[in-house]
Amino acid sequence: MEYRLRTPIGEQEIRRLRVGDLVIVDGLVVTMRDAGHRRAIEHLRSGGRLPIDFSGLVLYHMGPVVRRAESGWEIVAAGPTTSARLEAYEPELIERTGIRLIVGKGGMGARTAEACMRFGAAYAIYPGGAGALAANAIESVERVEWLDLGIPEAMWVLRVRGFGPLMIAIDPSGRNFYDERRREVEENMRRILEGGGLRR
Amino acid sequence: MLAEDGIRRCVVELIRAAATHLPEDVKASLRRAHELEENPLARRMLSAILENVELAEERGRPICQDTGIVMFSVKAGEKFPFLGKLPGILRMAVAEATRKIPLRPNAMDIVTGINTGDNTGDYIPWIDWEIMPGEDYAEITVLLKGGGSEAAGGVAVMAPSAGIEGASRFVLEVIKEAGPRACPPLVIGIGLGGTAYAAICLAKRALLRGMGSRNPRRELALLEEKILEMVNGLGWGVHGVGGITTALDVRIEASHRHPASLAVGVVSSCWAFRYSTMRISGDKVEFLTHEFLNDLEVR
């Protein structure tokens, strides 16, 4: 199935998504990588608030190439970074903020899948390396926070239009696409080695 | 006579071309993969990749936000007049390119993790040399090596009894483990030899040999085809979504080995295989992989 979602995304809208669905997003996307996640969790644990209310928004694992333009910032390239590094933070972030859709590349683990199921969220992949295409979907930089972490690690609040294709890789029923894929690939490997593809 | 400033300006444009325009043979290989692929999700990922490649060209923007570690391969004639000055020129060109294109600053101190901000640092940009006897020209290739694809690299030193089969199996294991992290479809360079160092150097050389080129030795050319088929048989596919396109090409370079050791090295590129080559000969500069640069006034 293909869906077009606008932020803020409601729980019901997310709950109908399934692994393999393609999604296009309009609205607000917030970026965080490793240092941003660490700081966000510290803030939330100590009772602080994040610079922007995440509920119903899209979180994007991305550190951009930017240019300082006359009217503010211009995002030059904006493809995803590897999501697996953020597995340690994501379940808690989902629980505490009500973020609905997480976007990255390469897949996430069992704890994130569990949190998606419990709190009504999903994880999608954006085609890795497609930095120019992603930048093209960004209409404006609404805000940038935590610039002291450096440009890639800062929290960028981006207004996007037609951001995608995103492919759902963890759905709110708890299905994890890449876990299933890895099992298939292991099986293919076994067949290649046994089937005389390689003699030993 | 071409001056140092002129060479530097050309190298900046060489880096810009690599970051924003895939070489024609890489683009052709991606288009062909899109034609042959039947998995609908993989086709959708490939069409997004092709759309991205076109947009980057049109707008002069980096194809991927990870503009990589900057690596040069220099084939220089022994009589090339800038032999000694070239490392300094390349370093300045990288810092200038980082500001102008812009590139993402990716050079981090190994101990403190502090980013130098201009993509230069200890041994960075990396430079590999090959000296050509008697010649007076130089060919400079820049490779922008993204972080993700390093997951699909490695080296192993085996007992010779493992044979070519054991070496092939190691390559397959590396690609299988890396999976979607390395941003497939990949271009895979394999080096075979007697020491870990030789194997990994040859693997990088194989990577840069040109899409679809085959090792002149028939047995190794067949092995290239066979490993390509097996890697694609793994079924990871474009960004891990499945289908027949895990790798676009596999190339092998080999040296003689030690009686007691068989080393195998793997150096892979993600689909965004960003490299560019130019030749400096007398006061003439010719861009070999990105010919449109020959029409520009960059000198």
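Where a number appears in this text, it was derived from the coordinates with a stated rule and is not lab data. Remember, it's a predicted structure, so these values are computed and weren't measured experimentally. Glycine also receives a Cβ, built like all others from the backbone with ideal geometry; neighbour counts cover every protein chain displayed.
For this structure, a couple of remarks:
- Spin-label pair B:His258-B:Tyr123: with each label point 7 Å from Cα along the Cα-Cβ axis, the two points sit 2.0 nm from one another.
- Loop-resident GluC sites (Glu not before Pro) (DSSP state other than H, G, I, E or B) in segment A:31-118 with no more than 11 further Cβ atoms inside 10 Å of their Cβ: A:Glu70.
- Partner shielding of A:187-193 amounts to 5, given as the average count of beta-carbon atoms from other chains within 10 Å of each residue beta-carbon.
- Averaged over the residues of B:228-241, the number of partner chain Cβ atoms lying within 10 Å of the residue Cβ comes to 5.
- Quarter the surface of the alpha carbon convex hull of segment B:148-269 and you get the mean projected area, 6.3 square nanometres.
- Fraction of antiparallel bridges per DSSP, chain B only, in percent to nearest 5: 70
- Inter-site label distance for B:Ser213 and A:Arg16 at 7 Å from Cα along Cβ, in nm: 5.4
- Contact order normalised by residue count of chain A, Cα under 8 Å, 6+ apart, percent: 27
- Chain B: relative contact order as a whole-number percent, Cα under 8 Å and 6+ apart: 25
- Residue-averaged 222 nm ellipticity for chain B, from DSSP H runs of 4+ at -39500 (n - 2.57), nearest 500: -12000 deg cm²/dmol
- Applying both filters, DSSP loop and at most 15 other Cβ atoms within 10 Å, to the chymotrypsin sites (Phe, Trp or Tyr not before Pro) of segment B:101-132 gives B:Tyr123.
- Shape category assigned to segment B:38-194 from the gyration tensor of Cα positions, a/c cut at 1.5: oblate
- Summarising the label geometry, the points placed 7 Å from Cα in the beta-carbon direction at A:Ile52 and B:Glu130 lie 4.9 nm from one another.
- Peptide B:122-130 has a mean shielding of 0, counted as Cβ atoms of other protein chains within 10 Å of each residue's Cβ.
- For segment B:1-105, GluC sites (Glu not before Pro) are listed when DSSP marks them as loop and at most 15 other Cβ atoms sit within 10 Å of their Cβ; the list is B:Glu38, B:Glu78.
- Cα centroid of segment B:4-27 to Cα centroid of segment B:98-139, whole Å: 14
- For segment B:148-269, the relative contact order works out to 44 percent when only alpha carbon pairs closer than 8 Å and six or more residues apart are counted.
- Rounded, prolate or oblate (a/c below 1.5 giving rounded, otherwise prolate when a/b exceeds b/c) for the protein assembly as shown by Cα gyration tensor: oblate
- Kirkwood hydrodynamic radius (C-alpha pairs) into Stokes-Einstein, chain B, 4 °C and 1.567 mPa s, D in µm²/s: 65
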